[in-house]
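Undergrad: Right, I'll just put the structure down here and ask away after.
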Amino acid sequence: MTEFRLTQYARGGGCSCKIPPGELEAVLAAFSAREGDPEGELLIGLEHGDDAAAVRIDGDRALISTVDFFAPVVDDPYDFGRIAAANAISDVYAVGGEPLVALNLLGWPRDLLPMELAHEVLRGGLDVARQAGCAVGGGHSIDDAEPKYGMAVTGLADPAALLRLEAGRPGLPLSLSKPLGVGVLNSRHKATGEVFPAAIASMTTLNRDAARAARQAGARCATDVTGFGLLGHLYKLARASGVTAVVDAAAVPYLEGVREAVRDGYVSGGSRRNLAWVSPHLDPGGTAEEDLLLLADAQTSGGLLVAGEIPGAPVIGELVAAGDRALIVR
C-alpha cells in the first residue's frame with residue numbers, strides 16, 4: 001500500500017479544509033440558535049460557535065453532541081484515522097464533557113483507493129476512541145470523490161462546569177496545551193512527502209488531560225484551536241465574552257521546523273484566510289507577517305486554549321477589558 005499517498009487524492013486536508021469563518025457565519029446568520037429549543041434546555045448552541053452543542057438532560061447532566069470530519073492530512077491511513085478521531089472526540093473535551101459513544105463517518109473513492117486502506121483508517125479511529133474510553137457503535141459510509149473520515153461523538157457533562165466561549169473575564173491568563181504549527185508542516189508533507197513525527201504525535205494526542213485539568217482548576221472558558229487558527233478561535237472567544245485578548249507572541253510554543261516551513265512558502269490558503277478574517281479586529285503591534293501567519297495557522301486536532309492556568313501548559317497571554325480591538329499581539 002506504500003504507493004498510495006492519501007493526501008494526493010484530495011484538494012485540501014485536515015481542518016484547513018473548513019469553509020472560511022466569515023463565509024460560514026454569513027450562511028448561519030439567518031438561523032436562530034434557539035429555534036425549536038424546548039424550554040431553554042439547549043445550553044450551548046449556535047450563538048458563539050462553540051466546539052459542541054450541549055443539551056440539559058436533568059439537573060446535573062448535559063448531553064454533549066458534536067461532529068467533525070475532513071480529507072486526509074497525512075498519507076498514512078492509520079495515522080489519518082487516529083488524527084481525525086482525536087480531533088472529533090476532543091470537541092467534547094473542549095466544552096467540558098467526557099465522550100461516551102462515537103459513530104464513524106467515511107467517504108471513500110472505492111474506484112481509486114483499495115478498501116484495505118479504508119480499513120486502516122477505521123482501525124486508527126477505533127484505537128483512539130478506545131484510548132478515550134469511548135465506544136464506537138457503527139456509522140455511515142458513502143462512495144465519494146475524495147477520501148474523508150471523521151466521527152459524530154456524544155458525551156456527558158455537568159451543566160454547571162461547562163467550558164464556554166462566552167465565560168471569559170478580564171484578568172484571566174490564557175494557556176495553550178499544544179504547540180502550534182501542524183498546519184504548515186502538513187502543507188509541507190502534502191507537497192513533499194516528508195513525514196513529521198512530532199506533528200503526528202501532537203495531532204493524535206487527545207485534549208482529555210488538559211480539559212480535566214481546566215475543570216479541576218475551576219476554569220469556565222475554553223476552546224480548542226483548530227481550523228481557524230489561534231487568532232481565529234481567540235477572536236471568537238473574545239467577541240463572545242466581550243473582552244480583548246492579548247497574545248504574547250514570544251510565549252507561544254511551536255513545533256520544530258515550523259518557521260522554516262513558513263519561510264519556504266508552505267502556508268495554506270486557509271491560514272491566510274484566517275488572518276484576513278481577524279485583521280479588522282487585530283492590533284498587530286508591529287508583529288512580523290511570518291509570526292502573524294503562524295498565529296493564524298490552521299491547526300488540525302490542535303490544543304486546548306483555556307482562560308486560566310493549567311499544569312504543563314504555557315501562559316501565552318491574557319484577557320483584559322474590552323478595547324478598540326478584540327485582539328492584540330505584542
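The values are calculated or read from the model by the stated rules, or taken from the named source; none is laboratory data. What you are looking at is a predicted structure, and each value in this text was computed from that prediction instead of being measured. Every residue, glycine among them, receives a Cβ derived from its backbone with ideal geometry; neighbour counts consider all protein chains shown.
Undergrad: Quick one: would you say residue 291 is assigned to a loop (DSSP other than H, G, I, E, B) and outside the structural domain of residue 11 (by TED's automatic domain parsing)?
TA: no
Undergrad: Select from the range 152-168 the residues that are part of a loop (DSSP other than H, G, I, E, B) and under 17 Å from the mean Cα position of the chain (by Cα) and write down the one among them that is surrounded by the fewest Cβ atoms within 10 Å (Cβ to Cβ).
TA: Across the range 152-168, the extreme among qualifying residues is 164.
Undergrad: Now, a different point. Considering each of 247, 225 in turn, give the residue that is farther than 16 Å from residue 169 by Cα and touching a residue at least 24 places away in the same chain (Cβ under 8 Å).
TA: Step by step, each of 247, 225 is checked, and only 225 is farther than 16 Å from residue 169 by Cα and touching a residue at least 24 places away in the same chain (Cβ under 8 Å).
Undergrad: Separate question: Return the total of residues in the range 294-325 being more than 10 Å from residue 231 (Cβ to Cβ) and not in a strand (DSSP E or B).
TA: Residues meeting the conditions: 17.
Undergrad: Can you tell me which residue among 174, 185 is at negative phi and either assigned to a strand (DSSP E or B) or at pLDDT below 95 (or both)?
TA: One residue alone meets the criteria, 174.
Undergrad: So is residue 215 surrounded by fewer than 24 Cβ atoms within 10 Å (Cβ to Cβ), in a loop (DSSP other than H, G, I, E, B) and basic (Lys, Arg) or not?
TA: So residue 215 does not fit the description; no.
Undergrad: So in the range 177-212, with the set limited to residues that are over 13 Å from residue 90 (Cβ atoms) and in contact with a strand residue (DSSP E or B) (Cβ under 7 Å, 6 or more places away or on another chain), which one is surrounded by the most Cβ atoms within 10 Å (Cβ to Cβ)?
TA: Among those that are over 13 Å from residue 90 (Cβ atoms) and in contact with a strand residue (DSSP E or B) (Cβ under 7 Å, 6 or more places away or on another chain), it is 181.
Undergrad: Tell me yes or no: at least one residue of the range 136-159 is under 15 Å from residue 300 (Cβ atoms) and either in the same structural domain as residue 221 (by TED's automatic domain parsing) or hydrophobic (A, V, I, L, M, F, W, C) (or both).
TA: yes
Undergrad: If we keep just the residues of the range 53-94 that are within 29 Å of residue 146 (Cα to Cα) and free of Cβ contacts under 8 Å to residues at least 60 places away in the same chain, which is surrounded by the most Cβ atoms within 10 Å (Cβ to Cβ)?
TA: 53
Undergrad: Follow-up. Take the residues of the range 188-212 that are in a loop (DSSP other than H, G, I, E, B) and β-branched (Val, Ile, Thr): which is farthest from residue 265 (Cα to Cα)?
TA: 205
Undergrad: Would you check which residues across the range 62-80 are farther than 16 Å from residue 19 by Cα and part of a strand (DSSP E or B) and list them?
TA: 62, 63, 64, 65, 66
Undergrad: So which of 278, 306, 262 is in contact with a helix residue (DSSP H, G or I) (Cβ under 6 Å, 6 or more places away or on another chain), under 21 Å from residue 86 (Cα atoms) and touching a residue at least 24 places away in the same chain (Cβ under 8 Å)?
TA: One residue alone meets the criteria, 306.
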